[in-house]
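Take a look at the structure set out below.
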There are 2 protein chains.
Amino acid sequence: MRHGAFGNATALACRECGHQVALGPHYACPECFGPLEIAYDFPAVTRAEIEAGPRNIWRYKALLPVPSDIEESPNMEPGFTRLLKAHNLGATLGIDNLWVKDDSTNPTNSFKDRVVACALSAAREFGSTVFACPSTGNLANAVAAAGARAGIKTVVFIPSDLEQPKQVNSAVYTDSLVAVNGNYDDVNRLASEIAGEEEGWAFVNVNVRPYYAEGSKTLGYEIAEQLGWRLPDQIVIPVASGSQLTKVHKAFQELISLGLVEDKPYKVYGAQATGCSPVSVAYKAGVDAIRPVKPATIAKSLAIGNPADGVYVLDICRETGGSVEDITDEEVRAAIVLLARTEGIFTETAGGTTVGVLKKLVESGALDPTLETVVINTGHGLKTLDAVAGSVGPAATIDPSYAAFTRTEIV
Amino acid sequence: MRHGAFGNATALACRECGHQVALGPHYACPECFGPLEIAYDFPAVTRAEIEAGPRNIWRYKALLPVPSDIEESPNMEPGFTRLLKAHNLGATLGIDNLWVKDDSTNPTNSFKDRVVACALSAAREFGSTVFACPSTGNLANAVAAAGARAGIKTVVFIPSDLEQPKQVNSAVYTDSLVAVNGNYDDVNRLASEIAGEEEGWAFVNVNVRPYYAEGSKTLGYEIAEQLGWRLPDQIVIPVASGSQLTKVHKAFQELISLGLVEDKPYKVYGAQATGCSPVSVAYKAGVDAIRPVKPATIAKSLAIGNPADGVYVLDICRETGGSVEDITDEEVRAAIVLLARTEGIFTETAGGTTVGVLKKLVESGALDPTLETVVINTGHGLKTLDAVAGSVGPAATIDPSYAAFTRTEIV
């Protein structure tokens, strides 16, 4: 490893017991098996330094476990996606001041480009020879694309019954797509086994997960910077493993500690689909333990039945005065169409879940419609086209004549 | 119309005879029926003024037919997409200094968001009540999305036999998608008829076409700014109607006139698919007239058999010392995979055509591999997934065990 290979990161620290180990391709605490997180010793960082940086996540490199020359290495240059004022959606839902953070415009059209870019940097610094992941969708696309651009051997494992469009969307980037006869859990288990047996493999969401997960912090940094270095009052975030929500909260806390934004209260809300809502169920039951479920929802990118960071999500939502809510697949579909028709943003099922939960939170009174609110759109609807294929279509079919047109009641 | 509704634009001028008419929803010269273009009286414009602007096409508003408060009106905020250094693709093709201008990361994943944003501004200033287009793909997505965000009634006309995924990708944004029993030419004719008969309809690519087309200039402005206010030596651009190529050239000329970049020679190359290559055929035959063809290619977004700006493309490519070239559908498919596996960019068939033509130009010696070269990627591969579905897939299918994995020869 080069000197400064991980920037201002100093160690891996256990989230449960605080035990620290040296930076390396590790993810579980040797003392208590708790999850390892990156610990830092941040220098003074100014807004001006960040604003002078590149228009991607590397503007925040001082706050990530990456070297100071990170932007010189070929990478996908993700991030600094749009924060759009959602006038129409806000008016429809009765929210005065609503923003959509739109990560569907990332290079491979989901927020996964952020985390994969950080994992790639770690893999490079560890001298890994293979960049890999188990995945069913967005992560596979992001890993295969980033590996191609970085010129590192990339192997992506998917369930063999994955829909062909999703296979194509990964296979186009890599000649090493491996289909596994089994479900996602089987693929995941195989990945952990390979990570344990093989030298030099960096599985982004297994053995380099602590580095990978830090990438989600950039969503929080960007929202604050794009609001004019200010935290929103309320934020709604989808919950799969729960990592993204915890990292956005971590980002906000870091910005406060560093004096980059004013300290103020903000509420964090988690969004799940009812068909895979173990965190929402625990929240509503008022308990601390998450009971794993077998997912059954169209929001497949959120379908993690045993979310690793679920308990931390509960803590954050409760501490900040937010909540966790879930909606049905029918509500997910309706929310996808609602966002498209109000703001011209076509979101995937995960984004539909988040927008739909926002709607439900306003209706139930759990979210204050007079406060500044941000909702995160994590990915693009082109990846989950089937979800709405039955819901939308032509309003009329006519013969190619003006007379036929005038008989429609389109306008 | 408000005072300053069209910024520094002063009139519509005929590209053929120079006759000028007042700014309005017109597209054909009343004297000779030639195409009308926007004429301007530009003030002094500085790099600093542009750099202080928003990170989208409106940073160039002084050079577009839009009001000075354009960014206040709800719009998709397209543009300022990535200009990526293509190390790997360059090395593969033997080009020393290659860049990809990646418009697949625009809001609806194609360059059409640029032109539609300018058309929308014109429609707003004309007081149009309906925003419309005939289209089979990218344009339909861009119009439907922009209309939704702007809160203007939007009607999109498509051939009724269009593939369902493409229908869904437009219908998600609008409840006024109209399927027409006929081919694209029939749909187009119907659109022109409606534009002539109905009051208040702005058809982006018909009666507000002069405003719409100016949006493509922003591709040229951005490339120059992102290169550090410098023109490239060579640029390869896809040719459908030919409008984009002529507008990028116009943008470069304007930047030179305004003193924003140094005057220097550059070569412009046009890219077509062999199955619809009327401009390439004319170029190679050394003639000035374009003979219309019946398109038969997988590059459907380039499949315009009678390109309106074809003759201007010939002029520009000849004058600058570039050329026009075409490649087969098989070469288009191979180029899509080549770009994905070298740079992590998944392009649509139009981009495959452009990259494939770049490869052919290097191989034939028509393009100098030692000069700085830019290739434009106009849209996203998720929109034309079928094009490569037969070409890529899993390298292996295995049982979910480490033993099975070790028997593969993936690494």
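None of the figures in this text is laboratory data; all of them are computed from the coordinates on show. Treat the numbers as computed from the prediction; the structure is a model and nothing was measured. Here the Cβ is made from the backbone with ideal geometry for all residues, glycine too, and neighbour counts use every protein chain on show.
Comment: the Cα-to-Cβ extended label point of B:Asn181, at 7 Å, lies 5.0 nm from its counterparts in the other copies, nearest first. In chain A, a dipole from Cβ-located charges (positive for Lys and Arg, negative for Asp and Glu) runs towards its positive end, and of A:Asn56, A:Ala404, A:Ala350 it is A:Ala404 whose Cα lies farthest in that direction.
Are any of the pairs B:Lys101/B:Lys294; A:Lys101/B:Lys153; A:Lys300/B:Lys85; B:Lys250/B:Lys294 more than 27 Å apart by Cα-Cα distance, and if so, which? Listed pairs above 27 Å: B:Lys101/B:Lys294; A:Lys300/B:Lys85; B:Lys250/B:Lys294. FRET efficiency for the pair A:Arg318 and B:Lys264, taken as 1/(1 + (r/R0)^6) with r the Cβ-Cβ distance and R0 = 51 Å, rounds to 0.25.
Using the Stokes-Einstein relation with a Kirkwood hydrodynamic radius computed over Cα pairs, the translational diffusion coefficient of the stretch B:88-139 at 20 °C and a viscosity of 1.002 mPa s comes to 155 µm²/s. Summary for B:Thr129: label point 7 Å along Cα→Cβ; distances to the equivalent points in the other copies, ascending, 7.1 nm. Beyond 12 Å, what share of the Cα-Cα pairs of the stretch A:282-340 is found? Please give it as a whole percent. Here the tail beyond 12 Å accounts for 73 percent of pairs. Take each residue of peptide B:344-350, count the partner chain Cβ atoms within 10 Å of its Cβ, and average: the result is 6. Residue exposure proxy: B:Ser68, B:Ser73, B:Ser323, ordered by other Cβ atoms within 10 angstrom of their Cβ from fewest to most, comes out as B:Ser68, B:Ser73, B:Ser323. Measuring from each Cβ of chain A to the axis that turns chain A onto chain B, the shortest distance belongs to A:Leu382, 2 (residue, then whole Å). In the stretch A:18-151, the ratio of gyration radius to Kirkwood radius, Rg to Rh, stands at 1.03 when only Cα atoms are counted. All Cα-Cα distances of the stretch B:102-247, cut into 10 Å bins from zero to the largest, leave 12, 41, 33, 11, 3 percent in each bin in turn. In this assembly of identical copies, the label point of A:Asp315 (Cα plus 7 Å along Cα-to-Cβ) is separated from its counterparts by 6.9 nm, sorted shortest first. When the alpha carbon gyration tensor of chain A is reduced to an equivalent ellipsoid, its three semi-axes come out at 33, 26, 22 angstrom, largest first. Assuming a viscosity of 1.306 mPa s and a temperature of 10 °C, what translational diffusion coefficient in µm² per second does Stokes-Einstein assign to the protein assembly as shown, Rh being the Kirkwood radius over Cα pairs? It comes out at roughly 58 µm²/s. Among the listed pairs B:Lys61/B:Lys360; A:Lys217/B:Lys247; A:Lys359/A:Lys383; A:Lys112/B:Lys383, those with a Cα-Cα distance over 31 Å are B:Lys61/B:Lys360; A:Lys217/B:Lys247. Taking a Cβ cut-off of under 12 Å around B:Thr274, the surrounding Lys, Arg, Asp and Glu residues balance to a net charge of -3, with basic ones at +1 and acidic ones at -1.
Kirkwood-type hydrodynamic radius, the stretch A:74-186: 15.4 Å, calculated from all non-identical alpha-carbon pairs. Nearest 500 deg cm²/dmol is fine: what mean residue ellipticity at 222 nm does the protein assembly as shown get from its DSSP H runs of n ≥ 4 alone, each adding -39,500 (n - 2.57), divided by its residue count? After summing the helix terms and dividing by the residues of the protein assembly as shown, the value is -11000 deg cm²/dmol.
Relative contact order of chain A: 15 percent, from C-alpha pairs under 8 Å at least 6 residues apart in sequence.
Reported value for the stretch A:314-411: 142 Å³ per residue, from the convex hull of its C-alpha atoms.
Averaging 1/r across all pairs of distinct Cα atoms in the stretch B:212-279 and inverting the result yields a Kirkwood radius of 12.4 Å.
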